[in-house]
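Trainee: Here's a structure for you.
The values are calculated or read from the model by the stated rules, or taken from the named source; none is laboratory data. Remember, it's a predicted structure, so these values are computed and weren't measured experimentally. All Cβ positions, glycine included, derive from the backbone under ideal geometry; neighbour counts span all protein chains shown. Just the protein is used for accessible areas: all its heavy atoms, side chains included, with ligands, DNA and RNA removed. Shrake-Rupley method; radii C 1.70, N 1.55, O 1.52, S 1.80 Å.
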Amino acid sequence: MPETPDNPADRLPKNWDPSEVEAELYRSWVDAGYFEADATSGKPPYSIVLPPPNVTGSLHMGHALDHTLMDALSRRKRMLGYEVLWLPGMDHAGIATQTVVEKQLAAEGKTKEEFGRELFIDKVWDWKRESGGTIGGQMRRIGDGVDWSRERFTMDDGLSEAVQTMFKRMFDDGLIYRAERLVNWSPVLQTAISDIEVKFEDVEGELVSLRYGSLDDSEPHVIVATTRVETMLGDTAVAVHPDDERYKALVGTTLEHPFTGRQIPIIADDYVDPEFGTGAVKITPAHDPNDFEMGVRHSLPMPSIMDKAGRITDTGTQFDGMDRFEARVKVREALADQGRVVAQKRPYLHSVGHSERSGEPIEPRLSLQWWVKVDGLAKAAGDAVRNGDTVIHPKSQEPRWFAWVDNMHDWCISRQLWWGHRIPIWYGPDGETVCLGPGESAPDGWEQDPDVLDTWFSSGLWPFSTMGWPEATADLEKFYPTGVLVTGYDILFFWVARMMMFGTYVGADDAITAGKQGPQVPFRDVFLHGLIRDQYGKKMSKSRGNGIDPLDWVDRFGADALRFTLARGANPGADMSVGEDHAQSSRNFANKLFNATKFALMNGAAPADLPPRAQLTDADRWILDRLEQVRAEVDSAFDRYEFSKACEALYHFAWDEVCDWYLEIAKVQFADEAIAATTRGVLGNVLDALLRLLHPVVPFVTETLWKVLTGGESLVIAAWPAPAEEPLDHVAAQRIVDMQRLITEVRRFRSDQGLKPSQKVAARIVGVSEADLDGQISAVTALARLTEPAEDFAATASVEVRLSKATVIVELDTSGTVDLVAERARLVKDLAAAEKELAQTTGKLGNEAFLAKAPDAVVDKIRTRQSIAQEEIARITTRIESMGN
């Protein structure tokens, strides 16, 4: 159809350039309020709370993956008729944010102590207002359809009230207590840090074997080994296994500490491995987690030998005041001077925990902290999954979940920081202690605990605190519990477990259960995706320099290309490898979609009511049926969080079937006035549905094309394709499959002969009626570039293709165009393949053991393959012989 001045295709740009479209298109979605949820709606609810990124952070590939998947789920549910709430927000990121502001002050030659706590916190709020939240703008760039009107921050007044309410409730229930226990201590930050903030690295250190007791081998002594020799200053025992005959006589005796003069008892404990090293281990309860547990079991003294900065203190030795690393050298030298260093292995490669924020090795340290008693909470979190109240996808991750929650230790929730939710405990002048809830105040002269809560405490309340808890709100009633939590399996235990513990703890709360049956969990599903690795399968890291900035891909390839690349690689629980070639492929897919739709528009394609299916061509019925099959496959994949399968199905349907086949067939049908209008309607309907199906993953290019194709307002609020009512036409599908095979074989022959794609060849097609392809002959001749034979036609070559009902022979006059050498080579290659097939099938049919086990249907198929191979060998041999020498 010739292009006319008012053709809809004119409303599209010449080429697809995402940078010219995406920002304005996203702004129009937000301005129209498409992403704002209505808690009073009668639609069924669907909600997701965005895992809050740090206010200091920038969008990395892990974020981009999370956000792409959540956005895809949200957009599809909205199109399915749900009232969708995707709630955004940011985490105050206690350590990270305080560190950023402290570094700014340091650049000015100042410290936080010079300002004092209140003024410093004001400084942090100033920074947050001016520089924090960069990630919010980046979320807009990748198309996040979040409800910005409900954006929350973990230090907001409402969320602070929720944190204080939760703390007091748990404190009053005896679930929060204060105790001196071992923590991960950062000497640089001078605070306890969580396990997730500890990164283990292999370092080259030294393994020192030292001797306790007499230097005379005939007198009582033991030899122990350590990589942290300075900690021997805090040793309060040496442990051996109770069944170790070597040390039975020593158990219950003491040895003198070489520097402090303290008497060190020899104790027996099953924890000790008698086969490892000398079978004796030094016990430093205040500076090693395993030693701490042993110290508790044996009621050992627990002297702390380091201060907050990691300096040796209170040992009464010459090492007091030294930094721990300096002391490591000096203690070893002093022990050597005494003749107590038995062996020294250097370098000794071992794994050491480092602070993720400050980079230094962490120090296990005995410290007075606030703790959550987790036994009952962890059990409830585990039972929620066992009972099916919350379902983990993939199921293969369940054992890891249970291994964690069933063996959880009490949680240290206090941090020695200024920025964060301050512990709501107050101390009176006479040692009184009180926990205050929202709106309560302490008497004059009382002092508040200086510590703040672990960031994970406030983020653990995120699913319900963001909806207004502890108040009974319309949002809680409508949207809680949430539909799904999307996150990486690497933080399953750190964040997901805490949300589950808090969620089940308040699950029977009146504010949450209003109008609902039974206790509530924070989310119905947990979808765990894997890590993103580089194209070589290596984990992305700063040290390797293999990280990818997702915004760089947005700049170069477009947001749709970034999103499609990530969604296409997202299998439940599995890591994915991505590289620039993947992004280029996704960009090419967007371009293909754009060009195909523009071509269809130029030829008058538009959605339309179609005539009865009996009046449609085989190709029309085939593409509509394939669309229905793909829709069903995509729906099933989305429901199982199999994003990769959904994207693969859509990619291959769009590229391989719509673009490569139906569009080409449509060109032939456009030339027939009797069916041209129907063809335009079929093509319009297929593209309409395809753009809807693709929209959740690639929203920008689909929105641009769909609005021009349909004249509709927006795909964001359009309906998701519904199941088709017509049964599948398997006969039409088989005809199209046969046609495709015939065309493909002719094209292969042409390629083997070196014929130009545009070069037409006269041909006579024999066996069309027998193969039931009479209705496809015009498409075959057009797509295979064949012409009607002249009266004096003389075939010089032929292509025989065995189809479902008959063998079709395409006789061609290739005189002057066919390379006989190449044709013979092609036939020889086909003959070899047929002979290999015959050998394989004959071998199986001659294997009595195989025949005894194989089902009859399988044996029948093999016999059919054997028969076909025999026929092919005969046909090809005849053809080769007819070519002569």
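Trainee: Residue by residue through the range 339-347, which ³J(HN,Hα) values in whole Hz follow from phi under the Karplus form 6.51 cos²θ - 1.76 cosθ + 1.60 (θ = phi - 60°), with glycine and proline marked x?
Mentor: Whole-Hz 3J(HN,Hα) from phi for the range 339-347: x, 9, 7, 7, 8, 9, 10, 8, x.
Trainee: With θ set to phi - 60° and the Karplus curve 6.51 cos²θ - 1.76 cosθ + 1.60, what are the ³J(HN,Hα) couplings of the range 184-195 in order, to the nearest whole Hz, using x for Gly and Pro?
Mentor: Along the range 184-195, the couplings run 6, 10, 9, x, 6, 7, 6, 8, 5, 10, 7, 4 Hz.
Trainee: Next up: Which links in Lys77/Lys478; Lys248/Lys345; Lys77/Lys516; Lys373/Lys395 stretch past 20 Å when you go from one Cα to the other? Before the final figure, lay out each step's value.
Mentor: On the way: Lys77/Lys478 15 Å; Lys248/Lys345 28 Å; Lys77/Lys516 22 Å; Lys373/Lys395 28 Å.
Violating the 20 Å limit, Cα to Cα: Lys248/Lys345; Lys77/Lys516; Lys373/Lys395.
Trainee: Still on this structure, please answer the following. Taking 0.36 nm per intervening residue step and subtracting the Cα-Cα distance, what contour gain separates Gln263 from Asp410 on full extension?
Mentor: Result: 49.7 nm gained on full extension.
Trainee: Computed over the Cα atoms of the range 541-588, what is the convex hull's projected area averaged over all directions, in nm²?
Mentor: Hull-based average projected area comes out at 3.6 nm².
Trainee: Nearest 10 degrees is fine. How inclined is helix 157-172 to the longest principal axis of the chain, computing both from alpha carbons?
Mentor: Between the helix axis and the principal axis of the chain, the angle is about 50 degrees.
Trainee: Below 24 Å, Cα to Cα, which lysines can Lys128 reach? Residues fewer than 8 away in the same chain don't count.
Mentor: Lys103, Lys110, Lys112
Trainee: I'd like the Karplus ³J(HN,Hα) series for the range 120-130: coefficients 6.51, -1.76, 1.60, θ = phi - 60°, whole numbers in Hz, and an x wherever there's a Gly or Pro.
Mentor: 5, 4, 4, 4, 5, 4, 4, 4, 4, 5, 8
Trainee: Quick one, can you get me the convex hull of the C-alpha atoms of the range 191-250 expressed as volume per residue in Å³?
Mentor: 165 Å³
Trainee: Something else now. In whole Å, what is the distance between the alpha-carbon centres of the range 250-284 and the range 180-245?
Mentor: 11 Å
Trainee: Turning to a different aspect of this structure: Can you compute the modelled spin-label distance between Asn15 and Leu851, with each label point 7 Å from Cα toward Cβ, in nm?
Mentor: Calculated label separation equals 6.4 nm.
Trainee: Report the semi-axes of the equivalent ellipsoid for the range 118-267 in whole Å, largest first, where each axis is √(5λ) for an eigenvalue λ of the Cα gyration tensor.
Mentor: On the way: eigenvalues 569, 89, 51 Å².
Semi-axes (√(5λ), whole Å): 53, 21, 16.
Trainee: So how exposed is Ser586, as accessible area in Å² (1.4 Å probe, rounded to 10)?
Mentor: 10 Å²
Trainee: Can you pull the semi-axes for the chain, root of five times each eigenvalue of the Cα gyration tensor, sorted largest first, whole Å? Present the calculation step by step, with values, prior to reporting the outcome.
Mentor: Values: eigenvalues 915, 282, 118 Å².
In descending order, the three semi-axes are 68, 38, 24 Å.
Trainee: Moving on. Relative contact order of the range 456-503, please, whole-number percent, based on alpha carbon pairs below 8 angstrom and at least 6 residues apart. The partial results should precede the final answer.
Mentor: Details: 29 pairs, mean separation 28.5, N = 48.
Computed value for the range 456-503: 59 percent relative contact order.
Trainee: Now, a different point. I want to verify the translational diffusion coefficient of the range 784-885 in µm²/s; compute it with Stokes-Einstein, Rh as the Kirkwood radius over Cα pairs, at 20 °C and 1.002 mPa s.
Mentor: Numbers: Rh = 16.0 Å.
My calculation gives 134 µm²/s for D.
Trainee: Also, I was wondering about something else. Please report, as a whole percent, how much of the solvent-accessible surface of the chain comes from carbon and sulfur atoms (probe radius 1.4 Å). Write out the running numbers ahead of the final one.
Mentor: Values: 19080 of 38710 Å².
Using a 1.4 Å probe with all protein chains present, the chain comes out at 49 percent carbon and sulfur.
Trainee: Which sequence of Glu872, Glu118 reflects their accessible areas, 1.4 Å probe, from the largest down? Provide the component values of the computation, followed by the final result.
Mentor: Details: Glu872 55, Glu118 120 Å².
Ranking Glu872, Glu118 by accessible area, largest first, yields Glu118, Glu872.
Trainee: Full extension from Arg764 to Asp156: what is 0.36 nm times the residue separation minus their Cα-Cα distance, to one decimal in nm?
Mentor: Working it through step by step, the gained length comes to 211.0 nm.
Trainee: Report, in whole Å, the centroid distance computed from the Cα atoms of the range 774-810 and the range 319-344.
Mentor: 91 Å
Trainee: Please work out how much accessible surface Glu440 shows to a 1.4 Å probe, ignoring ligands, DNA and RNA, in Å² rounded to 10.
Mentor: 90 Å²
Trainee: Something else about it: Using a 1.4 angstrom probe and counting only protein chains, how large is the accessible area of Tyr489 in Å², to 10?
Mentor: Probe radius 1.4 Å; accessible area of Tyr489 about 40 Å².
Trainee: For the range 78-151, max minus min Cα coordinate along each principal axis, in Å, sorted largest first?
Mentor: 57, 22, 17
Trainee: Which value, in Å², gives the accessible area per residue of the range 808-884 when a 1.4 Å probe is used on the protein heavy atoms?
Mentor: Heavy-atom SASA per residue in the range 808-884 reads 60 Å².
Trainee: According to a simple spin-label model (label point 7 Å from Cα along Cα-to-Cβ), what is the distance in nm between Asp6 and Asp273?
Mentor: So the label points at Asp273 and Asp6 sit 8.3 nm apart.
Trainee: Also, I was wondering about something else. Hey, got the Cα dimensions of the range 397-457 along the principal axes, in Å, largest first?
Mentor: Projected onto its principal axes, the Cα set of the range 397-457 covers 52, 23, 22 Å.
Trainee: At a Cα cut-off below 23 Å, give the lysines reachable from Lys538, other chains included and same-chain residues fewer than 8 away excluded.
Mentor: Within reach: Lys199.
Trainee: Let me ask something else. Straight-line reach from Lys707: which aspartates and glutamates have Cα under 16 Å away, leaving out those fewer than 8 places along the same chain?
Mentor: By straight Cα distance, Lys707 reaches Asp6, Asp10, Glu22, Glu24, Asp688.
Trainee: For the range 290-380, I need the span (max minus min coordinate) of the C-alpha atoms along each principal axis, in Å, sorted largest to smallest.
Mentor: 56, 32, 26
Trainee: Then there's this: For the chain, what's the relative contact order in percent, using C-alpha pairs closer than 8 Å and at least 6 residues apart? Don't skip to the answer; put the middle values down first.
Mentor: Numbers: 1493 pairs, mean separation 112.5, N = 885.
Result for the chain is 13 percent.
Trainee: Quote the Stokes-Einstein diffusion coefficient, in whole µm² s⁻¹, for the range 1-136, based on the Kirkwood radius over alpha carbon pairs, a temperature of 37 °C and a viscosity of 0.692 mPa s. Let's see the in-between values first.
Mentor: Numbers: Rh = 19.1 Å.
Estimated via Stokes-Einstein, D reaches 172 µm²/s.
Trainee: Can you give me the C-alpha center-to-center distance between the range 618-674 and the range 1-72, rounded to a whole angstrom?
Mentor: Their Cα centres are 24 Å away from one another.
Trainee: At what distance in nm do the modelled label points of Gln190 and Asp609 sit from each other, each positioned 7 Å from its Cα along Cα→Cβ?
Mentor: If labels sit at Gln190 and Asp609, their model points lie 7.9 nm apart.
Trainee: Mind checking Rg over Rh on the range 425-558, alpha carbons, Kirkwood formula for Rh? Write down the numbers at each step before the final one.
Mentor: Working: Rg = 21.2 Å, Rh = 18.7 Å.
Answer for the range 425-558: 1.13.
Trainee: Counting only heavy atoms of the protein chains, get the accessible area per residue of the range 329-410 (1.4 Å probe) and round it to a whole Å² value.
Mentor: Working: 4080 Å² over 82 residues.
Per-residue accessible area for the range 329-410 comes out at 50 Å².
Trainee: Turning to a different aspect of this structure: Would you work out the relative contact order for the range 268-425, in percent, from Cα pairs under 8 angstrom that are 6 or more residues apart?
Mentor: 15 percent
Trainee: Related question: Quick check for me: using +1 on Lys/Arg Cβ and -1 on Asp/Glu Cβ, what's the dipole size of the chain about its Cα centre, in debye to the nearest 20?
Mentor: Working: 96 positive and 137 negative charges, 339 e Å.
I would put it at about 1620 debye.
Trainee: Also: Under 5 Å between amide H atoms, partner at least 5 residues away or on a different chain: which partners does Glu83 have, H built in plane at 1.01 Å?
Mentor: Under 5 Å from the amide H of Glu83 lie the amide H atoms of Tyr46, each far enough along the sequence or on another chain.
Trainee: Could you tell me the ratio Rg/Rh of the range 539-694? Both radii from Cα atoms, Rh via Kirkwood. Write down the numbers at each step before the final one.
Mentor: Working: Rg = 18.3 Å, Rh = 17.1 Å.
With Rg and the Kirkwood Rh in hand, the quotient comes to 1.07.
Trainee: From Cα coordinates alone, what are the radius of gyration and Dmax values for the range 265-416 in angstrom?
Mentor: 20.4, 64
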